Amino acid sequence: MVDYVGHGTQNPAEIPCPPVASCFQSAVLESGGRQGQQNGPCSLQFNADEYVMQKVKANTSGETRRCPGAEAVGRLKIVGRVKITAHSLGSQASFNRFAAIRLLYGRQALQGVTVFLAACFIVSLDLDCARAVDRTTLFLPLAPDAVPSRAARSEADDVLYADVAFGEGASRGWKGYRRLWQAHHADPANSVIRRFLGLPLEGNFESTAKRGRSAPSWLRWKPGSYAQVDTAHFTLHSKADRESSMRVAEDLERCYWIWTQMFFPLWESNAQVSLALKEMGDDETVVSFLERSPQRITTRRKLRVVLCSNADEYRKVLGATPGVELSTGFYSDKYKTVLLFASAQDDPATRRHELVHQLFREATRSGLGRNMPANDEGFWLIEGIAGYFESLHLGTDSATVGGWDSSRLQFARYRLLVGGDSMPMEELQQDGRESAQARSDIARWYAHAILRTHQLLDGGNKPDRRWVYGRLAAHYRIKSEVAVDTQRLEWDALDRSVRSFLAIDDMHLMENRISYPMKQLCLAGCEVTEAGLQTIPASPSLKWLDLARLPIGNAAVQRLAPDPEKLQQLNLEATRIDPGLGAWLQRAKNLNEVDLSWTTVGDAAIESLRDAAKITTLWMTGTQISDQSVNPILEMPVLKSVDVQRTNVSAAGVQRLQTVGSRLDVNPLQLRTE
C-alpha cells in the first residue's frame with residue numbers, strides 16, 4: 001500500500017507527481033527491481049511479489065510519503081497488485097499484481113478522480129491480469145466413474161500447485177508427480193495410473209474391517225473388544241461406532257495423499273517416484289509412459305491410529321500424559337501412534353494436526369531415532385506446520401491448504417490487529433520443545449507459531465517457503481533434495497510485515513474467492529467493504545462474526561449470516577448497521593458476547609436480544625439506548641459485563657445497573673475524555 005501526500009495546493013487533482021508508469025519503470029530497472037532513487041516530488045513504494053520498487057524516502061507499507069512543500073491537502077493510496085510486463089517496462093521483468101487506486105481529499109473520497117487515475121494507471125502499464133492465490137491446491141483421489149475435473153489442466157491461472165509455489169528448486173520428480181495426479185483427474189478410470197498410485201480399481205477408497213486382535217499391548221484392550229480397519233496406508237484400532245471409524249479411516253487416506261503432494265521432497269517414496277518417472281519426456285503423456293513402464297509406489301509399513309469411543313476412554317488410555325484433560329488428540333512419538341476419540345461433533349482439524357506430526361516422523365526417512373524434533377530451538381515450526389494443516393479444505397475433486405479464510409487466521413487477525421498482541425520471531429525461535437511446552441502462555445505461543453507458518457507459506461515469497469521445507473528437513477533429520485538453509489530468515493522484516501499479511505482488503509478477497517461457508521470470520525482491522533464481503537458465500541453456521549469498523553450495513557450482515565441462530569460471538573462495532581437489524585438480532589438466541597458499540601441502534605436492539613439468555617458480555621458504548629433498556633439488561637440471566645457509556649442512559653440508570661445488578665461489571669471500558 002502506498003500513500004502519497006502532496007503539499008502547497010488546494011486541489012488534489014493538481015498534486016504534482018511524475019507519471020506513475022515512469023516511477024515504476026525507473027524503480028524496477030534500477031538495482032534489480034528492488035530499490036529506486038530520488039527523482040521527482042513524490043514518494044512511492046510498491047510491493048510486487050518479491051520486489052519492492054521505491055521512489056524518494058519510501059518507508060514501510062501504509063506510512064505517509066511527503067513531498068517537500070507546504071500543507072498536505074490530499075492523499076493518493078495505491079492498493080493492490082499489478083502485472084508489469086516487458087512491453088510496459090522495456091525489460092523482462094514481470095510482476096503478478098493488480099492495482100486499485102483511491103484518492104482521499106481530507107475526509108472525502110473523490111471517486112471521480114479515483115476512476116480517472118486508475119484508468120490512466122492501468123492503461124499506462126498495459127495491464128495484463130493474472131490471478132493471485134494465497135493457498136496451495138492439491139489433488140484428491142477420484143473414483144473410476146468420477147467426471148474428469150477442471151484440475152486436470154496442466155497449468156491453471158487460478159490455482160497454485162505445491163511444486164510451482166516452491167519455485168526453481170522443485171525437482172523434476174516433484175513436477176512429474178503433479179503431472180501424474182493431473183493425468184488421474186483427466187482420466188479417473190485409467191487403470192495404469194490407478195495401479196501406480198495404489199488406488200482401488202473400483203471406488204476411491206478401499207478398506208477392510210474385522211474384529212481386532214492385534215492392538216498394541218499398552219492399550220490394554222481385550223482381543224475382540226474393538227474393530228481393526230485397514231486401508232492402504234493405515235491400521236485403525238477403534239472402539240467407536242462403524243460410521244465414525246470408516247469416516248476417520250477415509251479422511252486419513254485422503255490427507256495422506258494430500259501431504260505427499262505438498263511435501264513431496266520429504267516423503268519417503270519421493271526417490272522411488274522420481275526414479276520411476278525419470279525417463280518420462282515432457283511431450284509424452286503419463287499414460288503412454290506408464291503403459292510401457294508399469295510400476296507401483298510402495299511404502300515401508302502402515303501407520304497406526306487409535307480411535308477411542310469417547311473422551312473418558314481417551315484420557316484413560318493416555319493416563320498421566322501432561323495436558324491430556326484439555327486435549328482432543330495426541331501423537332505419541334514413543335508409541336508411533338495417533339490417538340483420537342469419537343464425538344458427536346467430528347473434529348477433522350485436530351485429527352489432521354496430529355496426523356501431520358505422524359507423517360513427518362513416520363512417512364519420511366527421518367533419522368531422529370528416539371530423539372525428538374527441535375529439542376533445543378525452533379519448536380514453533382513443528383507445531384506451526386501441524387496447525388497450518390488444520391486449514392485443509394476438501395472439495396469434490398481437489399483440496400486446498402492455507403488461505404485467508406483459515407480458522408486459525410481469524411483468531412490471529414483478532415489477536416494482532418485488534419488486540420495488538422504480537423510475538424517477535426526471535427522469541428518464537430528461541431524455544432525448544434520442553435521450554436515451549438513449559439510456557440505459561442502456551443495457547444498464545446501456539447497461535448503465533450501457526451500464524452507465522454501461514455505467513456511463510458502463504459505470503460507469496462518462494463525463498464520463505466523453501467526455508468520452511470529446509471528447516472523441517474533439518475528438524476526431522478530427513479535426507480532430502482531440499483537444501484537446508486543454514487541462514488536464518490530476516491526476522492525483523494517478517495515482524496514488520498505480519499500485520500499487512502493479516503490485513504486483507506477487497507482485492508484480496510476478490511482474487512482469492514472461496515466457495516464454501518465459514519464458521520468463524522474476523523475481518524476487524526482490514527480494509528474490506530460490502531463489495532469484498534459479497535465474495536464470501538452465505539454462512540448459516542457462523543459461530544463468530546467480527547466485522548468491527550467496516551463500512552457495511554444491515555443487508556451485508558444479513559446476507560452473510562442469513563440464519564444467526566448458531567452465532568455465539570458478534571461484533572459490529574462502528575459499522576453502519578441501524579435499528580432495521582432488530583428482527584435479525586431477535587433470531588440470534590445463542591449469543592454469549594455482543595458488541596454493537598458506536599452504531600445507531602437503540603432500545604429496540606436490547607429488546608431484540610431478550611431471548612438471547614446466554615449473553616455474558618454486552619457492549620453498547622456510544623449507541624442510542626436509554627433508561628428504557630436498563631430493566632431488560634438487568635433481566636439477562638448470566639450477564640457479567642455491560643458498557644453503556646456515551647449513551648442516553650442517565651446517571652441514575654447507570655447507578656441502578658451497578659446496585660441492582662451487583663454481579664455486573666458496569667462500564668469497564670476506560671474512555672479518554674478530551
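The values are calculated or read from the model by the stated rules, or taken from the named source; none is laboratory data. All values reported here derive from a predicted model rather than from experimental measurement. Here Cβ is always computed from backbone atoms with ideal geometry, including for glycine, and neighbour counts include all displayed protein chains. To get the accessible areas, we keep the full protein, side chains included, count just its heavy atoms, and leave off ligands, DNA and RNA. Shrake-Rupley method; radii C 1.70, N 1.55, O 1.52, S 1.80 Å.
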Query raised in the report: Which residues, taken from region 263-277, are in a helix (DSSP H, G or I), within 33 Å of the chain's Cα centre (by Cα) and not small (G, A, S)?
Result: F264, P265, L266, N270, Q272, V273
**Report entry** 3 or more residues open to solvent by 40 Å² or more (accessible area, probe 1.4 Å) and without any contact (Cβ under 8 Å) to a residue 60 or more places away in the chain: qualifying helices (runs of 4 or more DSSP H) within region 573-674
**Finding:** 651-659
Report task. Consider Q520 carefully, then state whether it is of a type outside the set (A, V, I, L, M), open to solvent by 40 Å² or more (accessible area, probe 1.4 Å) and within 19 Å of the chain's Cα centre (by Cα). Result -> yes
Report task. Considering every residue within region 508-515, establish whether at least one is over 14 Å from the mean Cα position of the chain (by Cα) and under 22 Å from N554 (Cα atoms). Result -> yes
Query raised in the report: Do we find a residue being among the aliphatic types (A, V, I, L, M) and open to solvent by 50 Å² or more (accessible area, probe 1.4 Å) anywhere in region 448-470?
Result: no
Requested in this report: For I514, state whether it is in a loop (DSSP other than H, G, I, E, B) and either more than 25 Å from R646 (Cα to Cα) or in contact (Cβ under 8 Å) with a residue 60 or more places away in the chain (or both).
Outcome: yes
**Report entry** Search result, residues across region 140-168 that are at pLDDT below 90 and either within 27 Å of P463 (Cα to Cα) or surrounded by fewer than 18 Cβ atoms within 10 Å (Cβ to Cβ) (or both)
**Finding:** P148, R150, A151, A152, R153, S154, E155, A156, D157, D158, V159, E168
Query raised in the report: Given the conditions (1) of a type in the set (G, A, S); (2) under 18 Å from L266 (Cβ atoms); (3) buried (at least 21 other Cβ atoms within 10 Å of the Cβ), and given that A474 satisfies all but one, which numbered condition is not satisfied?
Result: (3)
Query raised in the report: What are the residue pairs meeting all of these: first residue in region 493-510, first residue open to solvent by 50 Å² or more (accessible area, probe 1.4 Å), second residue among the β-branched types (V, I, T), Cβ atoms under 8 Å, and 6 or more apart or on different chains?
Result: R496/T60; M510/T535
Query raised in the report: Of L326, L340, L318, which residue is over 23 Å from E268 (Cα atoms), of a type outside the set (G, A, S) and touching a Lys or Arg at 6+ places or on another chain (Cβ under 8 Å)?
Result: L340
Report summary line: The residue from R296, R242 that alone is under 30 Å from A474 (Cα atoms) and either open to solvent by 30 Å² or more (accessible area, probe 1.4 Å) or modelled with pLDDT under 95 (or both) is R296
Query - Single residue of region 245-271 satisfying the filter (open to solvent by less than 10 Å² (accessible area, probe 1.4 Å) and either in contact with an Asp or Glu (Cβ under 8 Å, 6 or more places away or on another chain) or of a type in the set (D, E, K, R) (or both)) that is nearest to L303 (Cα to Cα) - result: F264
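Let's see how each residue does on (1) closer than 25 Å to L392 by Cα; (2) within 19 Å of the chain's Cα centre (by Cα):
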position: P540; (1), (2): yes, no
position: D546; (1), (2): yes, yes
position: G553; (1), (2): no, no
position: E565; (1), (2): no, no
position: N571; (1), (2): no, no
position: G582; (1), (2): no, no
position: R587; (1), (2): no, no
Query raised in the report: Just to be sure, is S422 under 30 Å from H185 (Cα atoms) and open to solvent by 30 Å² or more (accessible area, probe 1.4 Å)?
Result: no
Query raised in the report: If you go through region 490-500 one residue at a time, do you hit one that is under 17 Å from the mean Cα position of the chain (by Cα), in a loop (DSSP other than H, G, I, E, B) and at pLDDT 95 or above?
Result: no
Report task. Tell me which residues, restricted to region 436-447, are open to solvent by 50 Å² or more (accessible area, probe 1.4 Å) and not polar (S, T, N, Q). Result -> A438, I442, A443, R444, Y446
Query raised in the report: Taking strands (runs of 3 or more DSSP E) that do not extend beyond region 174-262, which have at least 1 residues that are in contact (Cβ under 8 Å) with a residue 60 or more places away in the chain and more than 30 Å from T136 (Cα to Cα)?
Result: 234-238
**Report entry** Subset of region 303-351 (residues that are touching a residue at least 60 places away in the same chain (Cβ under 8 Å) and within 25 Å of the chain's Cα centre (by Cα))
**Finding:** L340, D346, P348, R351
Query raised in the report: With respect to A342, is the statement that it is within 30 Å of G367 (Cβ to Cβ), touching an Asp or Glu at 6+ places or on another chain (Cβ under 9 Å) and surrounded by 14 or more Cβ atoms within 10 Å (Cβ to Cβ) true?
Result: no
Query - Qualifying residue in region 130-137 (condition: closer than 19 Å to T396 by Cα, at pLDDT 95 or above, surrounded by 16 or more Cβ atoms within 10 Å (Cβ to Cβ) and not charged (D, E, K, R)) - result: yes
Requested in this report: Under 6 Å between Cβ atoms, at least 6 apart or on separate chains: pull out the pairs that start in region 413-437 with a residue that is small (G, A, S) and end on any residue that is exposed (fewer than 14 other Cβ atoms within 10 Å of the Cβ).
Outcome: G432/D376
Query raised in the report: Looking at L275, L318, which one is of a type in the set (A, V, I, L, M) and either open to solvent by 40 Å² or more (accessible area, probe 1.4 Å) or modelled with pLDDT of 95 or more (or both)?
Result: L275
Query raised in the report: Among the residues of region 401-410, is there at least one that is touching a helix residue (DSSP H, G or I) at 6+ places or on another chain (Cβ under 7 Å), on the phi > 0 side of the Ramachandran plot and either at pLDDT 95 or above or buried (at least 16 other Cβ atoms within 10 Å of the Cβ) (or both)?
Result: yes
